[in-house]
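K.L.:
This is the structure I have questions about; it appears just below.
The values are calculated or read from the model by the stated rules, or taken from the named source; none is laboratory data. Computed from a prediction, not measured in an experiment: that's the story for all the values here. Note that each Cβ is placed from the backbone with ideal geometry, even for glycine, and that neighbours are counted across all protein chains shown. These area figures cover heavy atoms from the full protein model, side chains too; ligands, DNA and RNA do not enter into them. Shrake-Rupley method; radii C 1.70, N 1.55, O 1.52, S 1.80 Å.
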Amino acid sequence: MNENLPPLVLDLDGSHRAMDYPGLARIDLTDWQERVRFGCAGRDWRAFSSYLEALFPDVHGPVLMGSGDFHHVSAFLIARQRRHMGLHVLVCDNHPDNMRFPFGIHCGSWVAHVACMPHVARVDVVGICSPDVGCAHAWENHLGPLFRGRVRYWTIGAKLGWMRALGLRDAARNFDDAASLVHALRRELSSTHVPLYLSIDKDVLCESVARTNWDQGRLMLDDLLSIIDVGAKRVIGSDITGEVSIHRYRARWKRWLSALDGQSDIDPDELIRWQHRQIEVNEVLLDALRAGGGSSQ
């Protein structure tokens with residue numbers, strides 16, 4: 001692993017334009033924002049994937065993708081890791097991203113797509129505090145990957161009685177606090193040597209660390225750094241999302257769904273302050289990932 005490979009920005013929403021990290025490379029994808037952001041039909045996803053593949057560098061460091069509304073772009077990045085059979089995907093996220101979306105792929109459904117990839121052994125989604133894993137939303141979760149052991153939830157303070165009732169006790173681990181979760185995760189990560197892909201959505205962090213477009217979890221920045229530290233030597237690829245940006249959807253269905261998901265309007269003055277803090281957090285995460293690997297070739 002070459003720790004000197006430059007980080008790569010997939011510039012979908014302009015949220016990284018003030019970022020001046022050494023060696024940072026960029027691909028301008030702003031023309032795709034409306035089609036891809038939040039979610040897209042299968043035909044649009046295939047067109048976007050083909051377009052991006054033609055521009056993608058042969059080697060690169062950690063990938064930054066903008067708002068968590070683009071977290072499904074991780075599916076494209078993980079699909080490119082086909083030579084790493086038995087790949088373990090670790091997703092740090094406040095949401096399971098394993099929800100039903102029958103029209104294609106979106107930022108809350110991509111984990112189910114990744115779990116179907118032949119080279120992926122398992123996806124662990126860690127740091128979930130969202131009610132998406134509660135009983136009221138149980139029907140929205142893709143159950144197949146959970147039953148097959150391809151997806152596992154690591155939650156904090158969740159109500160998981162419905163999973164036990166369905167025989168999914170082994171598909172989730174619930175913790176009282178972030179420290180307990182991180183301790184257990186570090187112990188598990190240190191016991192295996194399989195290749196690891198790490199995807200970080202900063203909505204897993206407390207709002208006191210950095211603000212995002214979404215409801216947020218309980219992890220602190222040191223918790224993320226501790227997770228990176230124990231897994232870094234076997235990370236073969238990584239991405240970071242969870243920036244904050246403003247976009248007014250032209251598509252009515254996207255406006256409707258994003259409103260249902262609780263995405264509120266952002267004060268433009270607050271946006272500048274939030275983005276500045278996001279850049280600071282990104283730089284800390286990039287330093288940690290590049291020190292231990294986190295690059296792809």
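K.L.:
May I ask you to list the residues in segment 135-145 that are closer than 19 Å to Cys92 by Cα and either open to solvent by 50 Å² or more (accessible area, probe 1.4 Å) or touching a Phe, Trp or Tyr at 6+ places or on another chain (Cβ under 6 Å) (or both)?
P.N.:
Filtering segment 135-145 for residues closer than 19 Å to Cys92 by Cα gives 141-142, 145.
Matches in segment 135-145: His142 only.
K.L.:
Looking at Arg187, Arg148, Arg164, can you tell me which residue is over 21 Å from the mean Cα position of the chain (by Cα), under 22 Å from Cys116 (Cα atoms) and open to solvent by 50 Å² or more (accessible area, probe 1.4 Å)?
P.N.:
Result of the check over Arg187, Arg148, Arg164: Arg148.
K.L.:
Under 8 Å between Cβ atoms, at least 6 apart or on separate chains: pull out the pairs that start in segment 26-51 with a residue that is touching a residue at least 40 places away in the same chain (Cβ under 8 Å) and among the acidic types (Asp, Glu) and end on any residue that is open to solvent by 80 Å² or more (accessible area, probe 1.4 Å) and not in a helix (DSSP H, G or I).
P.N.:
Sorted first by the residue in segment 26-51, then by its partner, the pairs are Glu34/Arg250.
K.L.:
Can you tell which of Arg173, Arg164 is in a helix (DSSP H, G or I) and among the charged types (D, E, K, R)?
P.N.:
Arg164
K.L.:
Could you list, in sequence order, all residues of segment 169-184 that are in contact with a strand residue (DSSP E or B) (Cβ under 9 Å, 6 or more places away or on another chain) and open to solvent by less than 90 Å² (accessible area, probe 1.4 Å)?
P.N.:
Listed by number, the residues that qualify are Ala171, Ala172, Arg173, Asn174, Phe175, Asp177, Ala178, Ser180, Leu181, Val182, Ala184.
K.L.:
Looking only at segment 242-261, count how many residues are closer than 18 Å to Asp132 by Cα and at pLDDT 85 or above.
P.N.:
Going through segment 242-261 one residue at a time, the tally reaches 1.
K.L.:
Let me ask another. Determine whether segment 197-220 contains at least one residue that is surrounded by fewer than 17 Cβ atoms within 10 Å (Cβ to Cβ), charged (D, E, K, R), out of contact with any Ser or Thr (no Cβ under 9 Å at 6 or more places or on another chain) and not in a loop (DSSP other than H, G, I, E, B).
P.N.:
No.
K.L.:
Another one. From the list Arg43, Arg26, Arg35, Arg80, exactly one residue is touching a helix residue (DSSP H, G or I) at 6+ places or on another chain (Cβ under 9 Å), more than 30 Å from Ala172 (Cβ to Cβ) and among the basic types (Lys, Arg). Which is it? Quick ask: steps written out before the conclusion?
P.N.:
Numbers: Arg43 fails: touching a helix residue (DSSP H, G or I) at 6+ places or on another chain (Cβ under 9 Å); Arg26 fails: touching a helix residue (DSSP H, G or I) at 6+ places or on another chain (Cβ under 9 Å); Arg80 fails: more than 30 Å from Ala172 (Cβ to Cβ).
Arg35 is the lone residue from the list that is touching a helix residue (DSSP H, G or I) at 6+ places or on another chain (Cβ under 9 Å), more than 30 Å from Ala172 (Cβ to Cβ) and among the basic types (Lys, Arg).
K.L.:
Could you figure out which of (1) in contact with a helix residue (DSSP H, G or I) (Cβ under 7 Å, 6 or more places away or on another chain); (2) closer than 28 Å to Glu34 by Cβ; (3) at pLDDT below 95 isn't true of Val114?
P.N.:
All conditions are met except number (3).
K.L.:
Can I ask one more? Please determine, by comparing only the residues of segment 61-107 that are touching a His at 6+ places or on another chain (Cβ under 7 Å) and charged (D, E, K, R), which one is most open to solvent (accessible area, probe 1.4 Å).
P.N.:
Within segment 61-107, the match that is most open to solvent (accessible area, probe 1.4 Å) is Arg82.
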